[in-house]
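Only one structure is covered here, and it is reproduced in the block below.
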Amino acid sequence: HKLFIGDQVLRINAESEEHIQLLKELEDDEGWELDFWTHPASTDLPVDIHVPFASLHAVKNFLQAHKIPFHVMINNLQELLDEEQEGVELNAM
Amino acid sequence: QERNARSFNFGAYHTLDTIYSWMDTLVAAHPNLVSKVQIGTSYENRPMYALKFSTGGNKRPAIWIDAGIHAREWVSTASAVWMADKMATDYGVDPSVTSLLGQMDVYLSIVTNPDGYVYTHTSDRMWRKTRSVNTGSVCRGVDPNRNWDAGFGGPGASKNPCSDSYHGPHAHSEIEVKNVVDLVQSHGNFKAFISVHAYSQLLMYPYGYSCTSVPHQAELDSVGRSAVQALSSLYGTSYKVGSICKIIYQASGGSIDWSYDIGIKYSFAFELRDTGRYGFLLPANQIIPTASETWLGLKHIMEYVRDHPY
């Protein structure tokens, strides 16, 4: 099983075309292993990114440095997955 | 094992085996309406099924619905299970469904990416793609919604096999995509093609590979808006309606662009709940509300297709 302990999902509300461009650069950067659940396209729609624990600090710094507003949508991905797995197992029983 | 359709828990997420087994119970409960059609096998050799709802006739005008092409979008598959049951049980009870199935066939693929779905249960809950091996790469899988022959390889798809939006080596390289393509083309009389995804709460029509409007933009937009009105009437869930390119982002190689370009005018894609904090991990207690509201939107589109033959 792949574990997602400490991984977070950030919801980003880009406010300008400049923000969108910066987020696109982030998307092209394979090094941080980001998983874009919704992609940067316009300021109308939020961008949701699943960020591995190891990249959290760097990504948050990047966003703060460029004054891109965001909030934590899922605080610990693994906790939610564990709850879901429990539900599936309980139902199977 | 779920032993019959009645005892099945629609408000829960299930494994592939349980869903496949439940399909048999549905067919057994409605033998004159529902059949299970094997449309091929997946990369890892799992059978791929579509439930065929038909009251007879040969190659009647038909509606294609697929769910779960992106493995991690569990609520799409769970909603399709609920809607399959709803369609079967409402036939002969709801005049609209009865009339629809009196004139048209409906094909419903509940798990369109079975390998990926199993992988989300066993190894990586966040997996999106197929599980095919990419020659020369350590990364597996192709995004099956970038793999259709519609602006293939264009903007909004990645050429990197490690990307979640990798388009694959060539159009229809993924057997899961090819199976649907072959079924739709050999049938030749599909009038609507609807893909069910999650999440974001959107109802979209072509194009994704281009930001130009399709010739039927006005009609599709109007149908989409009415469908969303029907959907929202249940819980007030808010949806956006528009072309893929205009309301999310440019994305080439998508299923409904392919279906539209081969002449299936009524091509739509749903993105189900939620916009909140759960993403692909929508709590199971929201499955039935999600399916119920989606059914209203879907039914509206199907009624429109029935009433506007072309």
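The values are calculated or read from the model by the stated rules, or taken from the named source; none is laboratory data. On a predicted model such as this, the values are computed, not experimentally measured, just so you know. Note that each Cβ is placed from the backbone with ideal geometry, even for glycine, and that neighbours are counted across all protein chains shown.
How many of the residues in the range A:6-33 are buried (at least 18 other Cβ atoms within 10 Å of the Cβ) and either of a type in the set (Phe, Trp, Tyr) or within 18 Å of B:LEU281 (Cα to Cα) (or both)?
Qualifying residue count, the range A:6-33: 5.
Being of a type in the set (Asp, Glu) and in a helix (DSSP H, G or I) narrows it down to one residue among B:ASP66, B:ASP17; which is it? Spell out the reasoning first.
Working: B:ASP66 fails: in a helix (DSSP H, G or I).
Just a single option satisfies the conditions, and that option is B:ASP17.
Listed here are the residues, each with its yes/no results for (1) more than 20 Å from the chain's Cα centre (by Cα); (2) crowded, with 23+ Cβ neighbours inside 10 Å; (3) β-branched (Val, Ile, Thr); (4) modelled with pLDDT of 95 or more.
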residue: B:SER123; (1), (2), (3), (4): yes, no, no, yes
residue: B:ASP143; (1), (2), (3), (4): no, yes, no, yes
residue: B:ASN147; (1), (2), (3), (4): no, yes, no, yes
residue: B:PHE152; (1), (2), (3), (4): no, no, no, yes
residue: B:LYS159; (1), (2), (3), (4): yes, no, no, no
residue: B:CYS162; (1), (2), (3), (4): yes, no, no, no
residue: B:PRO169; (1), (2), (3), (4): yes, no, no, yes
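Restricting attention to the range B:8-28, which residues are touching an Asp or Glu at 6+ places or on another chain (Cβ under 9 Å) and away from chain A (no Cβ under 14 Å)?
Of everything in the range B:8-28, those that are touching an Asp or Glu at 6+ places or on another chain (Cβ under 9 Å) and away from chain A (no Cβ under 14 Å) turn out to be B:THR25, B:LEU26.
Kindly provide the set of residues from the range A:41-52 that are surrounded by 21 or more Cβ atoms within 10 Å (Cβ to Cβ) and more than 8 Å from chain B (Cβ to nearest Cβ), ordered by number.
Result: A:VAL47, A:ILE49, A:VAL51.
Go through (1) under 16 Å from the mean Cα position of the chain (by Cα); (2) buried (at least 20 other Cβ atoms within 10 Å of the Cβ) for B:ILE248 and report which single condition fails.
Of everything listed in (1) under 16 Å from the mean Cα position of the chain (by Cα); (2) buried (at least 20 other Cβ atoms within 10 Å of the Cβ), B:ILE248 misses just condition (1).
Residue-wise test of (1) more than 14 Å from every other protein chain (Cβ to nearest Cβ); (2) not in a helix (DSSP H, G or I).
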site	(1), (2)
B:LYS86	yes, no
B:SER99	yes, no
B:VAL118	no, no
B:HIS121	no, no
B:ASP124	no, yes
B:PRO144	yes, yes
B:ASP149	yes, yes
B:GLY153	yes, yes
B:PRO161	no, yes
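Among all residue pairs at least 6 apart or on different chains, which show Cβ distances below 8 Å where the first residue, located in the range B:179-205, is within 14 Å of another protein chain (Cβ to nearest Cβ) and the second is in a helix (DSSP H, G or I) and at pLDDT below 95?
Every condition considered, the pairs that remain are B:LEU202/B:ILE247; B:MET204/B:ILE247.
If you scan the range B:240-254, which residues turn out to be within 13 Å of chain A (Cβ to nearest Cβ) and touching a His at 6+ places or on another chain (Cβ under 6 Å)?
B:TYR249, the sole residue that qualifies.
Give the range A:45-90 a look and list any residue that's of a type in the set (D, E, K, R) and touching a Lys or Arg at 6+ places or on another chain (Cβ under 6 Å), or say none.
If the condition is that a residue be of a type in the set (D, E, K, R) and touching a Lys or Arg at 6+ places or on another chain (Cβ under 6 Å), then A:ASP48 is the only one that fits.
Here is a list: A:LYS67, A:LYS2. Which entry is under 27 Å from B:VAL118 (Cα atoms), basic (Lys, Arg) and part of a loop (DSSP other than H, G, I, E, B)? Give the derivation first.
Working: A:LYS67 fails: under 27 Å from B:VAL118 (Cα atoms).
None of the other options fit; the residue is A:LYS2.
Between A:LEU45, A:LEU90, which is part of a helix (DSSP H, G or I) and not small (Gly, Ala, Ser)?
Details: A:LEU45 fails: part of a helix (DSSP H, G or I).
Residue meeting the stated conditions: A:LEU90.
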